[in-house]
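Enquirer: Sending over a structure as structure tokens; questions will come in a sec.
The values are calculated or read from the model by the stated rules, or taken from the named source; none is laboratory data. Since this is a predicted model, take the numbers as computed values, not measurements. Positions of Cβ are generated from backbone atoms using ideal geometry, with glycine treated the same way; all protein chains shown enter the neighbour counts.
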Amino acid sequence: MQNKKPLRVAIFSPSEGTVSETFIRAHRESLPLRVINRYESNWQLRDESGRRIWTFGNAFGLISQRFAPKLNKAAFNFVLARHLRRGGVDAVLAEYGITGADLVEACKRACVPLFVHFHGFDASIHTVLDSNRERYRKMFDYASGIVAVSISMKDRLISLGAPPERLYVNVYGVDPMRFSGGSPEAKGPVFCGVGNFVEKKAPYLTVLAFSKVVQVVPEARLIMVGEGPLFGPCKRLATAMGIGSSVEFLGVKGPDLISKLMRDSRVFVQHSLEAENGDCEGTPVAVIEAQMTGLPVISTKHAGIPDVVVNGKTGFIIDEGDMDGMSARMLQLARYPELAGIMGRAARERALCNYTLDRHLNQLAEMIEIEVSLKKKLK
């Protein structure tokens, strides 16, 4: 939908983001609307520079800065609603369900449409769902649009009370120019993985699966990017398994190095699973980046991964926790580079059709524009 004057949308997120939150950064920087970025936590508001936002003049601002942690929710909602009205905000986009639940009362007071983008933990961790169940229901009642990043997440949100008619599935997208140029059939048996070293990524299972591959294909290598609480244990595991020289742990790297790593690899691997506390993926961006590069993906039947990886065509999908199955598929592509090439080309073709960054951003912007337009007509 084309507007002569783009909508002014305030994007609220809990912080300025982590390295892994590439999807939120893309919304802030490239959403085809007039975006203003705001960050909120503990009932405080901050702008892009980190400055607290208060709108009642200097005297009240100084008092607010001193006593902000003690302000109650009613004061927060009053301040935020006034800020939204004065800023001429047409809509609010909340990154994560918890953020949306924090903002719903202020948006009501300001009569500003609210859109809530769920990403993963906010729709899966047991304690998060238990403590926010009623807040989510109130948010679902008011929100003009709720975005899920996978079919399984959509089903979960419906079970929590989200109205199906206001639910949208919009899988992340990536830059097809940055992530391109893979030719897995021409590369050695190099496997790469990108992601936080946390329970739901199960990097230790990837290391264990790879240890069986090295026994048959000694020249095979595994390169892992990321950091987290399981980083050290995984390094020690590789050493204890006698494969320390075959596994590289690079830590956190930027998108340019990640895209180069993918171009230099034959296969992308990630053993995602549901963590003990219920934490699940949304749809891992790195899986899409690998497919856009032209790599086959070996991953699990988890969250949105089966939505983007076609088993037997663009990669292989195994059951969560099936380390032997993962080893077998890794060994298959280590032995048959031609198969990796066929799958990689199919992955790139499908990603170009379905998972570009422009598609993701345009669909998100269109959803907001349509719902805001309908709301205005109903006034």
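Enquirer: What residue, among those in region 329-338 that are more than 14 Å from PHE268 (Cβ to Cβ) and without any contact (Cβ under 8 Å) to a residue 40 or more places away in the chain, is surrounded by the most Cβ atoms within 10 Å (Cβ to Cβ)?
Expert: As a first pass, look at region 329-338 and keep what is more than 14 Å from PHE268 (Cβ to Cβ): 331-332, 335-338.
In the following step, the residues that additionally are without any contact (Cβ under 8 Å) to a residue 40 or more places away in the chain were identified as 332, 336.
On the way: GLN332: 15, TYR336: 12.
Among those that are more than 14 Å from PHE268 (Cβ to Cβ) and without any contact (Cβ under 8 Å) to a residue 40 or more places away in the chain, it is GLN332.
Enquirer: A further question follows. Using the structure shown, decide if ASN354 is surrounded by fewer than 19 Cβ atoms within 10 Å (Cβ to Cβ), in contact with a strand residue (DSSP E or B) (Cβ under 9 Å, 6 or more places away or on another chain) and modelled with pLDDT of 95 or more. It would help to see each step written out before you state the result.
Expert: Numbers: surrounded by fewer than 19 Cβ atoms within 10 Å (Cβ to Cβ): yes; in contact with a strand residue (DSSP E or B) (Cβ under 9 Å, 6 or more places away or on another chain): no; modelled with pLDDT of 95 or more: yes.
No; evaluated as a whole, the condition is false for this residue.
Enquirer: Within region 110-124, count every residue that is closer than 14 Å to GLY145 by Cα and either over 14 Å from the mean Cα position of the chain (by Cα) or aliphatic (A, V, I, L, M) (or both). Steps first, please.
Expert: Step one: list which residues in region 110-124 are closer than 14 Å to GLY145 by Cα, which gives 112-118.
Now drop any that are not either over 14 Å from the mean Cα position of the chain (by Cα) or aliphatic (A, V, I, L, M) (or both), which leaves 112-116.
Counting residues in region 110-124 that are closer than 14 Å to GLY145 by Cα and either over 14 Å from the mean Cα position of the chain (by Cα) or aliphatic (A, V, I, L, M) (or both) gives 5.
Enquirer: Identify the residue in region 126-156 that is among the β-branched types (Val, Ile, Thr) and surrounded by 18 or more Cβ atoms within 10 Å (Cβ to Cβ) and, among all such residues, is farthest from ALA74 (Cα to Cα).
Expert: Residues of region 126-156 that are among the β-branched types (Val, Ile, Thr), as a first pass: 127-128, 146-147, 149, 151.
After this cut, where a residue has to be surrounded by 18 or more Cβ atoms within 10 Å (Cβ to Cβ) as well, the list is 128, 146-147, 149.
Values: VAL128: 22, ILE146: 24, VAL147: 27, VAL149: 32 Å.
Only one residue tops the list, namely VAL149.
Enquirer: Moving on to the next point. Can you name the residue in region 218-228 that is under 19 Å from the mean Cα position of the chain (by Cα) and in a loop (DSSP other than H, G, I, E, B) and, of all such residues, is nearest to GLY195 (Cα to Cα)? Let's see the steps before the verdict.
Expert: Pass one, region 218-228, residues under 19 Å from the mean Cα position of the chain (by Cα): 224-228.
From what's left, in a loop (DSSP other than H, G, I, E, B): 226-228.
Values: GLY226: 5, GLU227: 8, GLY228: 9 Å.
Per the criteria, the residue is GLY226.
Enquirer: Further question on the same structure: Across region 98-127, what is the total count of residues that are touching a residue at least 60 places away in the same chain (Cβ under 8 Å) and touching a Gly at 6+ places or on another chain (Cβ under 9 Å)?
Expert: Residues in region 98-127 being touching a residue at least 60 places away in the same chain (Cβ under 8 Å) and touching a Gly at 6+ places or on another chain (Cβ under 9 Å): 12 in total.
Enquirer: Another question about this same structure. Kindly evaluate GLU95 against the criterion of being acidic (Asp, Glu), outside the structural domain of LYS200 (by TED's automatic domain parsing), over 15 Å from LEU157 (Cβ atoms) and touching an Asp or Glu at 6+ places or on another chain (Cβ under 9 Å).
Expert: yes
Enquirer: Take the residues in region 261-301 that are touching a Lys or Arg at 6+ places or on another chain (Cβ under 9 Å) and of a type in the set (D, E, K, R); name whichever of them is surrounded by the fewest Cβ atoms within 10 Å (Cβ to Cβ).
Expert: Here the answer is ASP264.
Enquirer: Next question. Restricting the first residue to region 75-97 and requiring it to be free of Cβ contacts under 8 Å to residues at least 24 places away in the same chain, which pairs with a second residue that is of a type in the set (Val, Ile, Thr) meet a Cβ separation below 6 Å and a spacing of at least six or different chains?
Expert: none
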